Amino acid sequence: MVSPVALPDDVVEKYIRAGRIAAIVREEAARRAEPGVSLLELAEYVEDRIRELGGEPAFPVNISINHVAAHYTPLLDDELVIPEESVVKIDIGAHIDGYIADTAVTVAFNEKYIELLEAAREALEKALRAVEPGRKAWEIGYVVEETIKSHGYKPIYNLTGHSIGRYMIHAGKSIPNYPDRSAGWVFGDGAYAIEPFATTGSGYVRDTSLVTIYALRTNRPRARLSIREKRVIREIWMKRRSLPFPERWLKPYAETVEGVRALIRSLFRHGALIIYPVLVETRGSMVAQFEHTLVINGDEVIVTTKYGEQ
Ligand code: MN
Ligand code: MN
């Protein structure tokens with residue numbers, strides 16, 4: 001029996017193209033990541049490569065080291081390099097016409113973290129196999145938590161996978177990393193990111209005061225803005241609506257690094273920006289993450305970001 005197909009062909013095709021680009025760049029980035037490599041150079045490589053392959057970054061690449069779980073992207077004048085013995089999470093987003101692929105890999109430069117990585121990787125594999133139309137979201141969380149615990153680690157309870165919409169990375173539904181019965185919604189047609197995090201620590205992350213990622217709150221802020229500020233908002237909105245961006249991408253709008261930062265502060269003060277603080281594990285413990293995007297279309301489940309994986 002042929003089931004009715006709910007997503008238009010061109011939409012599915014764009015999700016698949018975005019997924020393939022994100023997957024290629026993820027694998028290339030993982031190979032380039034090594035102790036001593038500059039985070040800024042790695043970030044620029046990832047984002048340039050996404051564009052070269054015909055996509056646009058859906059968000060600035062997150063390069064989160066050790067106990068940093070997510071939301072760190074290099075600053076304009078970033079001088080950090082990948083540390084010796086570290087655990088590095090590279091989280092990449094690509095989109096075609098707003099159709100997003102979101103995928104992450106972790107690499108470790110100390111053998112003692114191999115099993116931590118394996119816990120998150122196996123949780124993702126098992127979770128992907130468990131997804132099917134009609135399955136409840138919390139059931140995926142059950143698989144994730146059981147798998148990670150079987151390796152002796154904890155999932156991160158306050159980070160989740162998510163539904164994806166056009167120009168929307170988080171489209172409203174959460175996919176928990178434990179059997180959270182409040183996630184009683186059921187998988188149907190659409191795109192989803194599954195992202196187990198495993199940690200040697202408490203299983204919780206908290207915000208820090210450091211912010212490296214921003215997004216527009218609206219394209220029509222009510223406050224009085226300068227001509228330049230209005231132009232920044234207009235141009236970002238036209239290109240990416242409320243998809244996130246880093247200070248690096250605002251370089252054309254100011255003469256200096258300080259100028260870019262002053263521009264961001266002003267936009268934030270006027271209520272034009274959403275901020276995404278850097279997230280760290282509460283005990284300062286190691287964190288690993290793996291992530292894939294999948295598209296459900298009728299009774300078909302397509303993992304869009306699998307290409308090129310070892
Ligand atoms: Mn991600
Ligand atoms: Mn995600």
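Only one of the numbered conditions (1) open to solvent by less than 10 Å² (accessible area, probe 1.4 Å); (2) among the aliphatic types (A, V, I, L, M); (3) more than 16 Å from ligand 1 (Cβ to nearest atom) is violated by I96, and that is (1).
Could you go through the stretch 235-254 and let me know if any residue there is closer than 15 Å to F59 by Cα, outside the structural domain of G98 (by TED's automatic domain parsing), aromatic (F, W, Y) and within 19 Å of the chain's Cα centre (by Cα). So far as the stretch 235-254 goes, yes, one or more of its residues are closer than 15 Å to F59 by Cα, outside the structural domain of G98 (by TED's automatic domain parsing), aromatic (F, W, Y) and within 19 Å of the chain's Cα centre (by Cα). Looking across the stretch 95-117 at every residue that is in contact (Cβ under 8 Å) with a residue 60 or more places away in the chain and assigned to a helix (DSSP H, G or I), the one that is nearest to ligand 2 (Cβ to nearest atom) is identified as L117. When N62 is tested against (1) at positive phi; (2) within 16 Å of ligand 1 (Cβ to nearest atom), just one condition goes unmet, and that condition is (1). Between residues in the stretch 254-282 that are closer than 13 Å to L210 by Cβ and residues that are assigned to a loop (DSSP other than H, G, I, E, B), which pairs lie under 7 Å by C-beta distance while being six or more apart or on different chains? Listed by first residue and then by second, the contacts come to Y276/H71; Y276/P244; P277/H71; V278/H71; V278/Y72; L279/H71; V280/H67.
Within the stretch 226-246, restricting attention to residues that are without any contact (Cβ under 8 Å) to a residue 60 or more places away in the chain and buried (at least 17 other Cβ atoms within 10 Å of the Cβ), which residue is farthest from ligand 2 (Cβ to nearest atom)? Here the answer is E229.
Here are some residues: F197, F268. Which one is out of contact with any Ser or Thr (no Cβ under 6 Å at 6 or more places or on another chain) and closer than 26 Å to A94 by Cβ? Reasoning before the result, please.
Values: F268 fails: closer than 26 Å to A94 by Cβ.
Result: F197 is the single residue among F197, F268 that is out of contact with any Ser or Thr (no Cβ under 6 Å at 6 or more places or on another chain) and closer than 26 Å to A94 by Cβ.
Cβ separations smaller than 6 Å between residues 6+ apart or across chains give the following pairs from the stretch 150-170 residues that are touching a residue at least 12 places away in the same chain (Cβ under 8 Å) and near ligand 1 (Cβ under 10 Å from one of its atoms) to residues that are open to solvent by less than 20 Å² (accessible area, probe 1.4 Å) and not hydrophobic (A, V, I, L, M, F, W, C): G161/E195. Just one of the listed residues (P133, P155) is assigned by TED's automatic domain parsing to the domain that holds H71 and over 15 Å from F197 (Cβ atoms), namely P133.
Looking for something open to solvent by 10 Å² or more (accessible area, probe 1.4 Å) and within 16 Å of ligand 2 (Cβ to nearest atom) - is there at least one such residue anywhere in the stretch 74-90?
Taking every residue of the stretch 74-90 in turn, none turns out to be open to solvent by 10 Å² or more (accessible area, probe 1.4 Å) and within 16 Å of ligand 2 (Cβ to nearest atom).
If you go through the stretch 60-72 and pick out every residue that is open to solvent by 20 Å² or more (accessible area, probe 1.4 Å) and within 22 Å of Y99 (Cα to Cα), you end up with 1.
The stretch 127-212 holds strands (runs of 3 or more DSSP E) entirely within its bounds, and those carrying 3 or more residues that are surrounded by 24 or more Cβ atoms within 10 Å (Cβ to Cβ) map to 190-194, 197-199.
Going by the structure shown, is I92 touching a residue at least 40 places away in the same chain (Cβ under 8 Å), closer than 19 Å to H170 by Cβ and touching a helix residue (DSSP H, G or I) at 6+ places or on another chain (Cβ under 7 Å)?
Answer is yes for this residue.
The values are calculated or read from the model by the stated rules, or taken from the named source; none is laboratory data. As the structure is a computational prediction, the values presented were derived from the model and not from experiment. Virtual Cβ from ideal backbone geometry, glycine too; neighbours counted across all protein chains shown. Areas reflect the complete protein model, heavy atoms only, side chains present, ligands, DNA and RNA absent. Shrake-Rupley method; radii C 1.70, N 1.55, O 1.52, S 1.80 Å.
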